[in-house]
Amino acid sequence: MSTEQKQKFAAYIASQGLKATRQRELILEAFLAQAEHPSTEELYLGLRKEHPGIGYATVHRTLKLLAECGIATVRNFGDGAQRFEACAGEHHDHLVCTGCGLIIEFENLQIEKLQEQVAKSHDFTVQDHRLELYGLCSNCRKGE
């Protein structure tokens, strides 16, 4: 976990009149160590193995705080679960398997350029965007 993210979270917590607790720090560390896009439940189940005193509500509230302060982004990939993704410096898009829920991050300069061209041709200024492609991964296609 970067010191910068820890300091950013501590400053945000203080600005909200909240206490910096060891549980919030553990949740932040566990979240940033994730390679995936965890839901509250997934992160909670992983944490409670080593820290049984951490409650589900504490994990959920802390994830919301992480999103509010810009450390996490809330994502909905159509599986009914609100998922959280660490805010990375680089923009990327997602392939989402509707069979098993696999999420693959990718970057493609041609797609980015095409989006810029489309916006320009419509005299439109893009402020933000998301590209999520839904389908079946190779493992799920094998089971068809």
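Derivation of every value follows stated rules applied to the coordinates shown; laboratory data play no part. Every value quoted in this text rests on a predicted model; they were computed, and no experiment measured them. Note: ideal-geometry Cβ built from the backbone for every residue, glycine included; neighbour counts use all protein chains shown.
Under a Gaussian network description of the chain, with springs only between Cα atoms under 10 Å, the residue in H60, H91, H122 that fluctuates furthest is H122.
The HN-Hα couplings worked out from phi for region 60-70 by the Karplus form 6.51 cos²θ - 1.76 cosθ + 1.60 (θ = phi - 60°) are 4, 5, 5, 4, 4, 5, 4, 5, 4, 8, x Hz, whole numbers, x standing for Gly and Pro.
Remark: relative contact order (the chain) = 18 percent; criterion is Cα-Cα distance under 8 angstrom and separation of 6 or more residues.
In region 3-86, Rg over Rh equals 0.94, where Rg is the alpha-carbon radius of gyration and Rh the Kirkwood radius from pairwise Cα distances.
Using only side-chain charges placed at the Cβ, +1 for Lys and Arg and -1 for Asp and Glu, the dipole size of the chain relative to its Cα centre rounds to 600 debye. The trypsin sites (Lys or Arg not before Pro) found in region 1-63 that occupy coil by DSSP, while having at most 14 further C-beta atoms within 10 Å, are K19.
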